[in-house]
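Got a structure for you, written out below as structure tokens; questions coming shortly.
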Amino acid sequence: MPSSQSEWDAKHRLTAEASASEPASIVRELLPILPSGPALDIACGSGRHTLLLAARGQHVTAVDWSGAALGILETRAWSVGVPVRRILSLDRAARSSHGGVALMQADLERVQIPERSYDLILCIQYLQRSLFPQIPGALRPGGVLLFETYTRAQLDFTGGPRNPAHLLESGELREAFPQLGVLFYRELRAGQGIASLLARKPGQKG
């Protein structure tokens, strides 16, 4: 897994030249039951999930460290008629009730996610444990978290991150958000080692 902004930029440029990345299968499969209110896409990359959500009229705030990735996402959004704008603060974007995409370039190690702001938070193929305490508070009552990334089992397969710091321990993701109720959880060792979590914050949507 890249460790610097320039390495992430290079990775996303190569991906864009090859082809548009397909959404993760779990996002496609669960899309019909995911909340359609304001969403946050953490480490959005070039926008494979951001655009999938925005296509159904959902407002999505997309955050990534890579300026190259956000540039690709911005171009793709305009090309399919999705309104897009750049933001400097998550607070203002979180108050928007309109569709479209808000892009924010930020070091995720320093991001503060506004509380009770999102009906849906996505975090796919990215692991930053320091964000774990913020995520439940950032969800509105009844909001949903969809999280999927690599486990240490990935070391038995090719590709993916090799640094153990970027890999989940077995069972770690299931226990990472005790404030949320687990709706679905699985760990796979089929060509890759991944863990997937769908969890909901208690309470009724306002």
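The values are calculated or read from the model by the stated rules, or taken from the named source; none is laboratory data. Note that the structure is predicted; figures quoted are calculated from it, not measured. With ideal geometry, Cβ positions are generated from the backbone for all residues, glycine too; neighbour counts draw on all protein chains shown.
Among the residues of the stretch 117-130, what is the count of those that are farther than 23 Å from residue 188 by Cβ and surrounded by 14 or more Cβ atoms within 10 Å (Cβ to Cβ)?
Residues flagged as farther than 23 Å from residue 188 by Cβ and surrounded by 14 or more Cβ atoms within 10 Å (Cβ to Cβ) within the stretch 117-130 amount to 3.
Here is a further query. Quick check on my filter: what residues within the stretch 146-201 are at pLDDT below 95 and of a type in the set (Val, Ile, Thr)?
158
What is the residue count in the stretch 129-153 for residues that are free of Cβ contacts under 8 Å to residues at least 40 places away in the same chain and part of a loop (DSSP other than H, G, I, E, B)?
Final tally of qualifying residues: 1.
Another one. If you scan the stretch 156-175, which residues turn out to be out of contact with any helix residue (DSSP H, G or I) (no Cβ under 8 Å at 6 or more places or on another chain) and surrounded by 12 or more Cβ atoms within 10 Å (Cβ to Cβ)?
157, 166, 171, 172, 173, 174, listed by residue number.
When you check residue 165 against the structure, is it more than 17 Å from residue 120 (Cα to Cα), hydrophobic (A, V, I, L, M, F, W, C) and not in a strand (DSSP E or B), yes or no?
Spelling it out, residue 165 is indeed more than 17 Å from residue 120 (Cα to Cα), hydrophobic (A, V, I, L, M, F, W, C) and not in a strand (DSSP E or B).
Please work out which one of (1) touching a helix residue (DSSP H, G or I) at 6+ places or on another chain (Cβ under 8 Å); (2) among the hydroxyl-bearing types (Ser, Thr, Tyr); (3) in a loop (DSSP other than H, G, I, E, B) is the condition residue 126 fails and give its number.
So residue 126 meets the others, but not (1).
Just need a number here: residues in the stretch 168-183 that are assigned to a loop (DSSP other than H, G, I, E, B) and over 18 Å from the mean Cα position of the chain (by Cα).
5
A further question follows. Have a look at 157, 184, 132 and point out the one that is aromatic (Phe, Trp, Tyr), within 26 Å of residue 36 (Cβ to Cβ) and touching a strand residue (DSSP E or B) at 6+ places or on another chain (Cβ under 8 Å).
184
Follow-up. Return the residues of the stretch 107-121 that are of a type in the set (D, E, K, R) and either part of a loop (DSSP other than H, G, I, E, B) or on the phi > 0 side of the Ramachandran plot (or both); say none if nothing qualifies.
107, 109, 110, 115, 116
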